[in-house]
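To keep things clear, I will list the structure first and then write my remarks on it.
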């Protein structure tokens, strides 16, 4: 939880900004008090530290820190497949990050993109395709090792969970959108496989997804994913907007979102971890969150030099595309 000093600083800043915006100290005080009461009434406490530790600090890998295979280890095997999960376990990962999505008929499956084009031999938006059609696709068709993994299918959420439990892997469920649907199906998985409470975490860039998950099942460990300037820039750094005013507005929103992540949203949702892009992690950053009882996990860490930095200096877990070799990050 936030320390007293954090709360005082946070709400003092809010009061100052509201005073400047409303030009009324009384009005600013009233709005600040309302925000404080809202936070006190509707925030979720994090899961117990012991439970979070079992999820985020499982059995040590060879390097001494948890190593999570991104999308199952998308460099070493076709992403978000059972083959990737098995390969990640064989390669020494302590966990896998898997992306939850839904077909047109509501079947929860593993898929990162909104379409099936990049990773399969099919085409079209996943949300517009029936599961029976998706099941016939080859999930290895676009992978560099497609011959080795030919015929690999797009798995359902339950199939993936069963394989992870079998391999004794921690699961980082990545959720993009569909807060109601996602929280419902994940809650069902946690009830069917109670071991998940101590071996998995639900993460998202969208606070509403995490808040809904905690609302549906407060016993689930959660994490907020974050990359500064995400609203104004693409992952490669190019601006999302060609308009000068659009760029200025999106940067302002980025500043606000970054402030909210570090001062409000994490506490409101009661998260146990922050998944931060590797370019913005330092020892000071890790210590900042450690003082608040929150673990930091870096993504996507793909070179031997970076991995040594995490293992030797930062001593925190990281998410990687490959456990076997250096590679470029998959967007």
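Things worth noting here:
- In segment 215-236, the residues that are closer than 15 Å to residue 196 by Cβ, in contact with a helix residue (DSSP H, G or I) (Cβ under 7 Å, 6 or more places away or on another chain) and not in a loop (DSSP other than H, G, I, E, B): 216, 222
- Test result for residue 279, surrounded by fewer than 13 Cβ atoms within 10 Å (Cβ to Cβ) and in contact (Cβ under 8 Å) with a residue 60 or more places away in the chain: no
- In segment 103-199, counting only helices (runs of 4 or more DSSP H) that sit wholly within it, the ones holding 2 or more residues that are within 28 Å of residue 324 (Cβ to Cβ) and either under 20 Å from the mean Cα position of the chain (by Cα) or touching a residue at least 60 places away in the same chain (Cβ under 8 Å) (or both) span 157-167.
- Top-ranked residue in segment 289-331 [being within 19 Å of the chain's Cα centre (by Cα) and free of Cβ contacts under 8 Å to residues at least 24 places away in the same chain; ranked as surrounded by the most Cβ atoms within 10 Å (Cβ to Cβ)]: 298
- Whichever residue in segment 236-249 is surrounded by 13 or more Cβ atoms within 10 Å (Cβ to Cβ) and out of contact with any strand residue (DSSP E or B) (no Cβ under 8 Å at 6 or more places or on another chain) and, among such residues, is farthest from residue 276 (Cα to Cα): 246
- Residue satisfying condition, being in contact with a helix residue (DSSP H, G or I) (Cβ under 7 Å, 6 or more places away or on another chain) and at negative phi, within set 253, 268, 324: 268
- Residue satisfying condition, being farther than 16 Å from residue 72 by Cβ, touching a strand residue (DSSP E or B) at 6+ places or on another chain (Cβ under 6 Å) and crowded, with 16+ Cβ neighbours inside 10 Å, within set 210, 171: 210
- Residue match in segment 142-153 (condition: buried (at least 19 other Cβ atoms within 10 Å of the Cβ), at pLDDT 95 or above and within 15 Å of residue 107 (Cα to Cα)): yes
The values are calculated or read from the model by the stated rules, or taken from the named source; none is laboratory data. These numbers come from a predicted model, not from an experiment. All Cβ positions, glycine included, derive from the backbone under ideal geometry; neighbour counts span all protein chains shown.
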